[in-house]
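The values are calculated or read from the model by the stated rules, or taken from the named source; none is laboratory data. Predicted model, so just to flag it, every value in this text is computed and none were measured. Cβ: placed from backbone, ideal geometry, glycine included. Neighbour counts: every protein chain shown. Accessible surface areas use protein heavy atoms only, side chains included; no ligands, DNA or RNA. Shrake-Rupley method; radii C 1.70, N 1.55, O 1.52, S 1.80 Å.
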Amino acid sequence: PIAGTTRDLIEGQTTFQGMSYIFTDTAGLRTSEDEVEKIGIQRSKEALLESDAQIWVLDGSQGLDSADFEALKHLKPGNLWVCLNKEDLGLKDDFRESLKNLFQQRNFFPSKDQEDQFFRNRVLSVSA
């Protein structure tokens, strides 16, 4: 095993208001030369294809990095929520603006109106 390397999918199930939900924690979506890490990344991509919704967890106290740029290639706006984690440490001043710029660079939203609605309703800050 390699410390810090996720290769297995970790699933948890819950029921809320009569609906059953399965949450799957996966390896990060990035490029890697490590064979073990590549297995985990491939499993993550497969899980994304099967998912009904995606929660993209980002460390809001840090800036965006190359792994975040890579991950966005695999995400779809229609079923995506963004969770800015570590709000208790303070969100990096320009984090939300950097995230908006990343979405714009990737032409993630067809219109400015859809982008604004996404950031109002689907970008959440948490401390976990």
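When the residues of segment 1-32 are filtered to those that are of a type in the set (S, T, N, Q) and under 25 Å from residue 69 (Cβ atoms), the one that is modelled with the lowest pLDDT is 5.
Quick check: is even one residue across segment 45-57 among the charged types (D, E, K, R) and closer than 17 Å to residue 124 by Cβ? Checking segment 45-57: not a single residue is among the charged types (D, E, K, R) and closer than 17 Å to residue 124 by Cβ.
Of the residues making up segment 113-128, those that are assigned to a helix (DSSP H, G or I) and touching a helix residue (DSSP H, G or I) at 6+ places or on another chain (Cβ under 9 Å) are 114, 115, 118, 119. Scanning segment 77-92 for residues that are within 16 Å of residue 28 (Cα to Cα) and loosely packed, with under 14 Cβ neighbours inside 10 Å returns no hits.
The residues of segment 24-42 that are closer than 12 Å to residue 74 by Cα, in a loop (DSSP other than H, G, I, E, B) and open to solvent by less than 50 Å² (accessible area, probe 1.4 Å), listed by number, are 28, 29.
Condition (residue is under 27 Å from residue 10 (Cβ atoms), touching a residue at least 24 places away in the same chain (Cβ under 8 Å), open to solvent by 40 Å² or more (accessible area, probe 1.4 Å) and within 13 Å of the chain's Cα centre (by Cα)) applied to segment 99-115: is it met by at least one residue? The answer is no; no qualifying residue exists. Screening the candidates 49, 72 for the property of being at negative phi and either in contact with a His (Cβ under 8 Å, 6 or more places away or on another chain) or open to solvent by 40 Å² or more (accessible area, probe 1.4 Å) (or both) yields one hit, 49. Among the residues of segment 58-66, not a single one is within 20 Å of residue 8 (Cβ to Cβ) and modelled with pLDDT under 85.
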